[in-house]
Each structure stands twice: as structure tokens, then as C-alpha cells.
1. Averaging sequence separations of C-alpha pairs under 8 Å and six or more residues apart, then dividing by the length of region B:21-65, give the relative contact order as a whole percent.
2. How large is the dipole of region A:2-246 about the Cα centre if only Lys and Arg carry +1 and Asp and Glu carry -1, each at its Cβ, rounded to the nearest 20 debye?
3. Which percent of the accessible area of region A:1-104 is formed by carbon and sulfur heavy atoms (probe 1.4 angstrom)?
4. Which value results when the Cα radius of gyration for chain B is divided by 2.2 N^0.38 Å?
5. When the helix-only estimate is applied to chain B (DSSP H runs of n ≥ 4, each -39,500 (n - 2.57), divided by the residue count), what is the mean residue ellipticity at 222 nm, nearest 500 deg cm²/dmol?
6. Suppose all protein chains stay in the model; what accessible area per residue would a 1.4 Å probe give for the protein assembly as shown, in Å²?
7. Relative contact order for region A:2-246 using alpha-carbon pairs under 8 Å, separation at least 6, rounded to a whole percent?
8. Let's test the formula: R0 of 30 Å, r as the Cβ-Cβ distance of A:TYR137 and A:ILE183. What FRET efficiency results, to the nearest 0.05?
Amino acid sequence: MRGIALNSSIAVIPEIVSVTLRQLLGRRRAILLLLLATVPILLAILFRLADVHRIGAFTAGIMDAVALTMLLPLVAILFGTAAFGSEIDDGTAVYLLAKPIGRWAIVLAKLIAAVAVTLILTVASAGIAGAIALQPYGEEGAEAARGFMAAMAVGSVCYVTLFMALSLFTRRALVVAIAYWLIWEGLLSSLLAGIANLSVRQYALGVAGGFYKLSANEARVAPSTALTLAIVLVVVATVVAIWKLMRFELPGGD
Amino acid sequence: MTTQTQPVTEAPVHGATEAAPAIELKHAARWYGNVVAVNDITFSLGPGVTGLLGPNGAGKTTLLHMLAGFLGPSAGEVLVLGRSPHRDPSVYRQIGLVPEREAVYPFMTGLEYVRFNARLQGMPDADKAARDAIAMVGLTDAQDRAVGTYSKGMRQRAKVAGALVHDPQVLLLDEPFNGMDPRQRIAMMDLLGQLADRGRTILFSSHILEEVERIGTEILVIVAGRLAASGDFRAIRALMTDRPHNITIRSSDDRRLATALIADPAVFAVELQSDRLSIQTSHLSAFRRLIAGASRKADVRLLEVASSDESLESVFDYLVRR
């Protein structure tokens, strides 16, 4: 890629981030995702009212099973696949790609935008739910809440990067991502211990385990290993996305 | 003018012979599996407006996407300003592309959209460049409205403004007049003519002959992926119009009209059918003048005059067969 100054590519990143945010936060999608993000909060209120007095019931039953296993992948799928996918589908991607900008800068800008909205929504949801339900448990409750907020943050970055790269390979990224989420993350990673090292959910739980003592059944990957694998995944998926975008072809059609 | 039925070996069109051509294709081909979209095309273009004419599915968009660097040639060479545009984003400093698909970010105003293009081009005063480009396409009054509320023709003009905001040396436009009303078309054609006068190389595609007529003094005709003809528009137009035409006529007295028409050299066959006349002529324009006078002279009332092979596809087929 000759003749593109690093500075000129860096300079346009905020512009692309801003436009991507406007694309992602269309009214319908934003309302749907805000509603989804309130689910763990509503469950936390019910948990507090029910007076269960078992911190593990909340972390396993709501933070893990609902926030981490359902809310996070769903939000990441919707934002991650739409960051590029919707532009490729409607043809507006050409306005971005027919510019003298390094492809890495476009991928980075899209990632920043999609990760930011996913992370803010899911971490805020986990944080508020944790504050409501775990407040009576003092420092232990605060550690658990911090642990799951960190898990949501790490999971957001991993999932979004993965799904964004996927959207550059197939027009059916949404369907493939949902299938991956249900089959790989939902079913196989719970049943087969060997898959734990290849599961974003397990990376996130591993990170949570660094803040709060989770059962061995919940967190199968050690915190440092989880963080390392998460970083490797993000770097590889980003490099693959840049590689694919450099080879992006517009169909002829006529 | 040159017309070819076989792959063109050398077809310089606009000003390409005087200096290094802005656009050059050397035996360029592009195929998808077994489907050949562009087949062994060679031509070169310099400053000026050139129309890329062909029926739907002829390979025009593939050709433009190859020139815009979004498709690599399967064989041959594609050069823009002396270098291959494929996988080289730096070439977009000198290229403006107006794609066929009409989608434009619907949540942006026209001005925001053009300014966004200017900023991505790294222009120092993006706002001024955007306002100037908007004025050039006549969208100033609507520049603060969301593009989602624009008519199809207005969206096309916004796309053109976005493509020329950085004053590119080469402007590629895919069916730019789609959705424009006649007044907007004329204004856009005039604008492209002005850009050409300033030394820009402009290539636009169209499947409508009349669109090319006004600005494209030079044209490339592409049919089924091959370059069927290239050169001066008027000469190719004459070829297209002065080919054998079949015309059917219904009148108050077909037999008397047949007698009047057969005497004219523009008519070389007349067939009297049960309820109509079938005429063959080699000069459509001359026949149009003839039929009015002949019917009046013979005191015959014309009920219907129809050309049975006027589709653009049949015109292109004819060119390919020559």
C-alpha cells in the first residue's frame, strides 16, 4: 500500500468512528439493545427483593447465565456484524473504501466504535445489576461486581472483533454468528472441557475469576491464561479483518 | 471512428495519443468462474468526457470497478494515471467514483455527506470544499436536509458532489443520470463538460443512447463483455440508426400506401399483410420524413406506425454482427 502517510490515516479515524456510531445507534437498534440491557437489572431487583442471601446464586444465575452468556454475545453480534456488514449490504462501504486511507485505519475505527457501544452497554448493565443485587454483601459483593464488569469488558472486545472479522467474509455473518454463539459458546464449551481454551465466554469468566472466587466449574481457565488468550484472539481477528479488507472486491453486477 | 466485432487491439479515444493516457486497458479481462464479464478489452483515454455505452449486463460496472481498483483483472492490464489501481488506496487521491447503487448514508445531511468525503480525502478546508462541490451540483438549497429525504435525482447529485469534492483527475460514474429529471440531466451533463474542459478525464456508463448523445462526443460501446465499437458518437449513432429496420404500419388503405412507399429508395421491401404493411428501410431518419409526405399525398390516414426492432439490445446486436 504505497503513498499513504500514517498521519493522514490516523487523522480520519475519529471521523469514521463518529459516522459508524451514528450508523450503529439507529433508533430501532438502540431501543432494542437498551431493553435487552435492562434485563439483568430487572432480575437484580427481583433478586434483591426475594432476599435470597446467596451471592453464588446471583453470580451464576444472573451475571453468568444471563448477562455474560446471553446479553453480551447478542449485543456484540448486533454491533459487531453491523459495523461493516450493513455498509457492505447497502453499498455505502464504497464511499469509505474509495478513499486514500490505510485499510488498517478503517478496521481500527470500526472496531473502536462497535467495541465502545457494546462495552458501555454491557458493562453498565452488569455494573448496575451488581450494585443493586450485591450491595448487601459488602466487599465480597463489590469484588464479584467488579469481576463481572471486567468479564463483560474483555468479552465485548473479543466478541466484537471476532464478529466484525466474520462480517468481512460472509454476507450471512449474523446467522453464522448466532449459530456460533448457540452451538460453540452455548453448548459445546459447556460440555467439552477441551474447548474452554477456545471459548470467549470462558476467557471472560477466567478474567472475572481474577477478581472474585468462582467455582472451578464456572471458571475453567486461569485469569492470566484467559487474558493472554483473549489478547491473542483480538490481535489475530484484527489482523485477519485488515487482510480481508485489503482484498475486498466490489462485485461487477453489470 | 473504429468499430470492431473482434477484440480491439488498439483503440485510443480521447486525447490519449498526445500524452500519457489517464486510463489505459491492455487486453484486460475479468471472469468469475466460467462467466466472462469483461473480455480482452484494450483502449486508452485522455482528458474529456467518454460515454461507456452498453445494454444491461454488458460488463460496464465490472469495467468501472476494475478502473476504480475494486476488481483486479483476471488477465491483461488496467492502468489509471500510469499505475495499477488494484489494492492501492493511494490512487483514490486522483480518482472520484460514483457507484451505481444509490444508497447514501441516510442519516447525514447532504453537506455532512460531502464534507465527510472531503475529510477522508484529507482536504485542509473540508467545509469550503464541500460547499463548493454542493454548489456545483446545484444542491445548496437542500444541503442541510437529511439525504434520506432526498429524491433519487438529488441523491445522485449528492454522490457526484462527494466524488468530485477533492477535484480528482479521473472521474468514474456508473449510470449517473439514473433518476434525474431532464433539467437535472442537462445541468449534470453541462457540469461534466466543464470538468472535461479543465482537463479532467471522465468516463460515465449508460444504457440509454440519448444520455450519451449530449456530452459523450466519444463513446465506447461494450456488448457481452467485449468492446464492440469506439470513437466518435455521431458516426456510431449513424451506424446504429441507419441499419435495416423493420416497421409495421396500419392505415386506412394499406395497398395504396404500399404503392406510394415502394417508389422511394429508402424503402427496399414492402410486404402487404392481411391487416398491416411490413416495411424494411435502411434509413430510419429518411423514412420518418417520407412516411408523413407519402400518406398525405396518397390521401391515406395512418393508424399506427411501429418499429419492431427498436430495443437497444437489438441495436447493440447489430453493431456486434457488423
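1. Numbers: 53 pairs, mean separation 16.0, N = 45.
Dividing the mean separation by the residue count of region B:21-65 yields 36 percent.
2. Values: 17 positive and 11 negative charges, 130 e Å.
For this selection, approximately 620 debye.
3. Details: 3040 of 4490 Å².
The nonpolar share, carbon plus sulfur, comes to 68 percent.
4. On the way: Rg = 23.1 Å, N = 322, 2.2 N^0.38 = 19.7 Å.
Taking N as the residue count of chain B, the ratio is 1.17.
5. Working: 10 runs with 108 residues, N = 322.
It lands at -10000 deg cm²/dmol.
6. Details: 24320 Å² over 576 residues.
On a per-residue basis, 42 Å².
7. Values: 327 pairs, mean separation 57.2, N = 245.
Once normalised by length, the contact order is 23 percent.
8. Numbers: r = 35 Å, r/R0 = 1.17.
About 0.30, to the nearest 0.05.
The values are calculated or read from the model by the stated rules, or taken from the named source; none is laboratory data. Owing to the predicted nature of the structure, the values given are computational and were not obtained by experimental measurement. Note that each Cβ is placed from the backbone with ideal geometry, even for glycine, and that neighbours are counted across all protein chains shown. Only protein heavy atoms, including side chains, enter the accessible area calculation; ligands, DNA and RNA are left aside. Shrake-Rupley method; radii C 1.70, N 1.55, O 1.52, S 1.80 Å.
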